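The values are calculated or read from the model by the stated rules, or taken from the named source; none is laboratory data. Treat the numbers as computed from the prediction; the structure is a model and nothing was measured. Every residue, glycine as well, gets a Cβ built from its backbone with ideal geometry; the counts of neighbours run over all protein chains shown.
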């Protein structure tokens, strides 16, 4: 079957859209009720029908049925719905396209043409032979226009043993409103399905949590129906949808302990002993060094050569390949990479065991499943608290990207072990203080010495092992404070997994900028903390809470000197002590003859802020980012 290039199809569609929108503009006055692109009275899209049905059959096969009708009111939604992709495994799954068409505004239907079926490999697995069976069926819909309804219905049937149990983590609402929503789960009568609801709100809880039960001769179906689910906006740095949206998670696999044991046994069994693992471990791990150092050597060598293939967990092959095989070809899924890492560590005679790292925002003990896993890890037992290692990223500590997670494993005694990496919710744990003195000479060059004191979130222990890395870290912090100033001399005064302190001699590479005969000294727009703890400061309206990397405390304390006969034309503006439930911010300026002292203190006491609280925080931070709050103008005589 010949297929048209998706690029050609999109170009044809773009031309058609242009013609349609031109005609629409001409006749819009005669058709004021017609929904068209740019009409803000209607949402960009509306889910008119959205059904999902999972089935576990008596023979162990499974099926997933999907049906969706979406009205597209604005061309902003075309990219999301006009070219749907269905991912499946051709070796184990059978895909049936039941309906794929577009209902146009005039009521006519545009059926999907034969050439509009395009089969491709997902980007994550393309080019890797072991995952060549993972495909995406791309449907290039025709007849797309503002006000049309895209209809899609399909079913995927998986062979027995491919998916030993049913599991799903389903978001019930979306960024667009949902008129009708249905979720159904069918299993043999003897199979128990565990479910967990959240985010429905107290006004909908009673009727939403109890399913309709449909009983057949040998199966039982649980069905939930919802109507008029409101849109939930997508906003930068909102907490994960699992914590703030309507959510149904389910599984038929049983308890968390059972799931953890089964999952880790698969990884452990795949970490087979082999000559290739032994040879690599002997070559990579230095004899006589500590267990941590040996494991680090193995991890760094493995990460440098191994290709990590991260695809949709639901479509991965049902069984892990042995480590001896993946080490020979140098690629694998996250679980296979962990098995390879585990096999190498065992070959080096280290006391190691597998584990899974999960995010507490996502993980639910009642309904455990593969989709909740953030990473497959290896634990090194050293007599105290086990060290956590990732095959790709190295040792996992309480770093910014892993805080708020925990590792599930089985201890040497056989009990389930939970290692917690607590979130950064205490400002005293993460401090950044930069202090010192700067001097501006007659030519406008700036030199000085600064002290850097950082803890917690402001320390990246995995990135500070070498002197060049430490110097780069100091340069990065100062670059977000004093642009155009280079690091000359550098010395570390304290270094640990939670502390990085250094003394830095700095100098400008060229004179300060000349502004109408004045030298302009200026702080960077975004201070050091914004490099580590970003905030969505560009939007003045907010609905969702804001999730920060963590709570923190930052102090900037600088003294700037210049020739006494120079005049101060402008100085940074002060910010009086602004406080809120979120913390406090202030900036104090003191100017004397030939000298200015600048003290800035930002204390954010909460990791998660309500929309209202964040908007009150946003104003003083943006005030500090303004030129008025960070500019010093000096006029030589």
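Of all residues in the range 360-391, exactly one satisfies the criterion of being within 29 Å of residue 305 (Cβ to Cβ), at pLDDT 95 or above and part of a loop (DSSP other than H, G, I, E, B), namely 391.
Screening the range 527-637 for strands (runs of 3 or more DSSP E) wholly inside it with 2 or more residues that are closer than 29 Å to residue 398 by Cβ returns the ranges 552-561, 575-580, 583-592, 595-604.
Does residue 104 qualify as being at pLDDT 85 or above, more than 29 Å from residue 252 (Cα to Cα) and surrounded by 14 or more Cβ atoms within 10 Å (Cβ to Cβ)? It is true that residue 104 is at pLDDT 85 or above, more than 29 Å from residue 252 (Cα to Cα) and surrounded by 14 or more Cβ atoms within 10 Å (Cβ to Cβ). When restricted to residues that are touching a helix residue (DSSP H, G or I) at 6+ places or on another chain (Cβ under 6 Å), part of a helix (DSSP H, G or I) and either crowded, with 21+ Cβ neighbours inside 10 Å or on the phi > 0 side of the Ramachandran plot (or both), the range 247-279 contains 3.
Filter the range 415-452 down to residues that are under 33 Å from the mean Cα position of the chain (by Cα) and assigned to a loop (DSSP other than H, G, I, E, B) and give me whichever is nearest to residue 497 (Cα to Cα). If we take residues in the range 415-452 being under 33 Å from the mean Cα position of the chain (by Cα) and assigned to a loop (DSSP other than H, G, I, E, B), then 430 is nearest to residue 497 (Cα to Cα). Kindly check whether there is at least one residue in the range 457-467 that is part of a helix (DSSP H, G or I) and surrounded by 21 or more Cβ atoms within 10 Å (Cβ to Cβ). Checking the range 457-467: at least one residue is part of a helix (DSSP H, G or I) and surrounded by 21 or more Cβ atoms within 10 Å (Cβ to Cβ).
Applying the selection to the range 125-146, what residues are out of contact with any helix residue (DSSP H, G or I) (no Cβ under 8 Å at 6 or more places or on another chain), surrounded by 17 or more Cβ atoms within 10 Å (Cβ to Cβ) and outside any strand (DSSP E or B)? Correct list: 128, 131, 143.
Taken over the range 114-126, residues that are more than 18 Å from residue 96 (Cβ to Cβ) and either over 25 Å from the mean Cα position of the chain (by Cα) or not assigned by TED's automatic domain parsing to the domain that holds residue 80 (or both) amount to 2.
Of the numbered criteria (1) touching a residue at least 60 places away in the same chain (Cβ under 8 Å); (2) outside any loop (DSSP other than H, G, I, E, B), the one residue 221 fails is (1).
When the range 545-577 is examined, which residues are found to be more than 30 Å from residue 442 (Cβ to Cβ), touching a residue at least 60 places away in the same chain (Cβ under 8 Å) and surrounded by 17 or more Cβ atoms within 10 Å (Cβ to Cβ)?
Hits for the range 545-577 are 545, 546, 547, 548, 549, 550, 551, 552, 553, 554.
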